[in-house]
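Quick one: the structure is below, and I'll ask about it shortly.
The numbers here are math on the coordinates, done by the rules we state, and not lab data. Predicted model only: the values in this text are computed from it and were never measured. Methodologically, a virtual Cβ is constructed for each residue, glycine included, from the backbone with ideal geometry; neighbour enumeration extends over all protein chains shown.
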Amino acid sequence: MADDLCRVDFEPVGKRVDVPAGTTLLEAARAAGVELASVCGGHGHCGRCRLAVLAGAISGQTEADRSFLSASELAAGQRLACQARLDSDVRVHVPRASLVTSQRLQVAGAAADVAVDPAVRGWQAEVTAPSLTDHRADFDRVAAALETEHGPALGTAAGLAAGPAVLRQLSPLGRRTGWRLTAYVRGNEVVGFAAPGRAPIGLAVDLGTTKIAGYLADLETGAELAAAGVMNPQIAYGEDVIARLAHAVREPGGAGQLATAVRAAIAGLAGELAAEAGVARDQIAAACVVGNTAMHHLLLGLPVRQLAVSPFVPATARPLDVPASDLDLDLAPGAFVRLPPCVSGFVGADHVAMVLAAGLDQADHVAIGLDIGTNTEIALSRHGTLTSASCASGPAFEGAHIRHGMRAADGAIEGVRLARTEGGAGGAADGAVNSAANSGGDLRVAELRVVGGGKPVGICGSGIVDAIAELHRTGLLNWRGRLVRDAPGVRQGRDGPEVLLAPAAETGNGTDIVVTQGDVDEIQLAKGAIAAAVRALVTATGTDDNEVAEVVVAGAFGTYLNLASALDIGLLPRFPRATYRQVGNAAGAGARAMLLSAAQGDRARRIAEQIGYVELTAFPGFQRLFAHAMQFDEPQTHSTGR
């Protein structure tokens, strides 16, 4: 090993990398493929990339280290990976809560059946082999056979064509199969060849800020063959859209890093899905990718500087068909990737896909759809008219900026129920974590639901919403969102008042898991932004609360969200006559529909063309709406529908 290289061993993940001295541990983790949480993109502003240095020398403590880590944690070797630069070989421990690779990912989503009419179809051909009396070129004889056998059904009056990559596939395949072939045809272009009887396969992708959900479907029958999700590796450069745009603009080669990372992730996901379904990668003859406008631009390598500054204008909002090879995707050699239209700088094709899958464009009643995430997109459908808005709800729902926050991975608290006891702390229900050690002793945790069922190590978004709703219900949290300092169950912590959910003796990492005033503040900001955005849409469209008949909640976070808790804290506004339903990954369902049906693609185009957009920063009185929405109302009864 060269003198200027340092070796980093990451435990217990079992990865090792050699990097130049002076490299940060976060950069080393990226090089090793260890995906550390990094909300701020490695600028020392979030405190999420914690590691423990077990051996070796690193640079001195920084102000960011001292801001996020206690004296005892620093003494134990804990550091922020983005702040620690290598002076020698080191061995580090990566806490489970600092990893982003094991998050539970929601890929399923409700969608109506669609008539299968894809852009790519498979056609069988039996071709006369070349001979001394038939000197036609390989493609000419195949094209003639296809046009003879299938005639007008091909719809190729201009004649069939194929690019060099497809032609390179044809000659050896035809001779191997005795000139019995399946041709994958898109319009008048052959995009791939396969052995006889091999149906064309389609890939649908929901490219989210946090996760990437992928689906394989048979383009002849519409049957789903495989579905899976992976983390978006761009998280290593920042968990929110703005941090990634900043990285793309400010860092030399930053845009290329983001594009390369996400393209590799989609390519890897396609390979995993193909293996699971038992199909060849070159059978994937078409793809459809939806995402917000920033993800769309970063995938394509489009300019993004203008997305980050007012008036937040995309480079293009039109639907695009891009050769898969241009995106480094190893699919059928001539396959194209369809990117449906965006609406604005902050309302992308994923929102169009959600509207389509949830049927909001065809609703005969007033309906509101929310796709909740780091950015939350909202659509209001009223008498055939669609109006949308987008708000930056922040990464708190992913566990970021929460003291013991984490993603919905094993060990994350995802549900909480508190109870008061008579004359003392009493006992917790079987399997529950009892917080009787808390001051006062008359508040207990009656139930903690933990992802994976083991001991808790942190709390994810649905869990923190549940906990705050319970604190509000039991009177520990007032209408302004302040923890009541002198209330039994509230104790003074390192950074102010806090409530204990699980004592160190009963957690998986030997640390008290608490809800702090800072945690409440983060959720207040997020829920205030969403509720105010909904209220702005209702006002802008002249909608009366009694007219709203349905509220549709989409997205991974929305899937696991306790609707009752969301209503109790005002994350979801109450509409007296509305039913509330959760539809899972509706954006993914919409992408599948567009993959399988050209008619659904046309419908998506019409949705994008007709949808109105409300820019919240210019909406009169939005700051007043936001301030009011941050408050907590009195708990009420409510009705939800599934």
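Which three numbers, in whole Å and largest first, are the semi-axes of the equivalent ellipsoid of the chain derived from its Cα gyration tensor as √(5λ)?
The answer is 47, 31, 21 Å, longest axis first.
Given contacts defined as C-alpha pairs under 8 Å and at least six residues apart, what's the relative contact order of segment 13-62, whole-number percent?
24
Between E609 and A31, what is the label-to-label distance in nm when each label sits 7 Å out along the Cα-to-Cβ direction?
Between E609 and A31, the simple spin-label model gives 5.2 nm.
Show the residues, 5+ positions off or on another chain, whose built amide H is closer than 5 Å to the amide H of G612.
Under 5 Å from the amide H of G612: L386, T387, S388.
Quick query: amide H of Y580 versus all other amide H atoms, modeled in the peptide plane; which residues come in under 5 Å with a sequence gap of 5 or more or a different chain?
Distant-sequence amide H within range of Y580: V551, G641.
Collect residues whose amide H, placed 1.01 Å from N in the peptide plane, falls under 5 Å from the amide H of A502; neighbours closer than 5 in sequence don't count.
Amide H neighbours of A502: I513.
A follow-up question, please. Once you place label points 7 Å from the Cα toward the Cβ at R485 and D410, how far apart are they in nm?
Calculated label separation equals 4.2 nm.
Taking the Cβ of L160 as the center, what net charge do the other residues with Cβ under 15 Å away carry, scoring Lys and Arg +1 and Asp and Glu -1?
-1
Taking the square root of 5 times each eigenvalue of the Cα gyration tensor, what semi-axes in Å does the equivalent ellipsoid of segment 5-98 have, largest first?
The answer is 18, 14, 13 Å, longest axis first.
Could you give the length gained on full extension between I242 and A275, defined as 0.36 nm per residue of separation minus the Cα-Cα distance, in nm?
In short, 8.4 nm is gained.
Working out 0.36 nm times the residue gap between E224 and A161, then minus their Cα-Cα distance, what length gain in nm do you get to one decimal?
So the chain would gain 19.7 nm between E224 and A161.
Could you order peptides 343-349, 21-27 by the average number of other Cβ atoms within 10 Å of their residues, highest first?
Order by mean packing, descending: 343-349, 21-27.
Taking neighbour counts of Cβ atoms within 10 Å as a proxy for exposure, in what order, fewest first, do S88, S98 appear?
S88, S98
Positive end of the charge dipole of the chain (Lys, Arg +1 and Asp, Glu -1 on Cβ, about the Cα centre): tell me which of G208, I569, H404 has its Cα farthest that way.
H404
For a quick check: sort D410, D568, D282 by the number of other beta carbons within 10 angstrom, fewest at the front.
Placing the least packed residue first, the sequence is D410, D282, D568.
Taking R0 as 56 Å, what FRET efficiency do you get between R168 and A540 from their Cβ-Cβ distance, rounded to the nearest 0.05?
According to the calculation, E is roughly 0.55.
Using the Cα centre of segment 120-194 as the reference point, and only Cβ charges (+1 on K/R, -1 on D/E), how large is the resulting charge dipole? Debye, rounded to the nearest 20.
260
Within segment 174-208, whose backbone N sits under 14 Å from a point 7 Å along Cα→Cβ of A137?
190
Moving on. Compute the signed sum of charges (Lys and Arg +1, Asp and Glu -1) over the other residues within less than 11 Å, Cβ to Cβ, of G518.
Summing Lys and Arg as +1 and Asp and Glu as -1 gives -3.
Just the number: Rg to Rh for segment 120-194, Cα atoms, Kirkwood Rh, two decimals.
Over the Cα atoms of segment 120-194, Rg/Rh equals 0.93.
Moving on to the next point. In which sequence would Y580, Y184 go, from the one with the fewest C-beta neighbours within 10 Å to the one with the most?
Y580, Y184
Sticking with this one: Residue by residue through segment 295-312, what is 3J(HN,Hα) from phi via Karplus (6.51 cos²θ - 1.76 cosθ + 1.60, θ = phi - 60°)? Round to whole Hz and write x for glycine and proline.
Result, rounded to whole Hz: 4, 4, 5, 5, 4, 7, x, 7, x, 10, 4, 6, 6, 8, 10, 4, x, 6.
Tell me, what is the FRET efficiency for D495 and T579 to the nearest 0.05, using R0 = 56 angstrom and their Cβ-Cβ distance as r?
Using R0 = 56 Å, I get an efficiency of 0.90.
Right, something else. Take every Cα pair under 8 Å in segment 120-194 that's 6+ residues apart, average their separations, divide by the length, and report that relative contact order as a whole percent.
After rounding, I find 43 percent.
On a full-extension model of 0.36 nm per residue, what is the gain between A115 and A549, subtracting their alpha-carbon distance, rounded to one decimal in nm?
Gain in length upon complete extension: 153.4 nm.
Once you put a point 7 Å from the Cα of A71 and another 7 Å from the Cα of A618, both along the Cβ direction, what distance in nm separates them?
Result: 5.4 nm between the two label points.
So, one more: Round to the nearest 0.05 the FRET efficiency obtained for D633 and R180 when R0 = 60 Å and r is the Cβ-Cβ distance.
So the FRET efficiency works out to roughly 0.30.
State the cysteines of the chain left without a partner when partners are defined as other cysteines whose beta carbon lies under 4.7 Å away.
So, C6, C49, C82, C288, C342, C391, C460.
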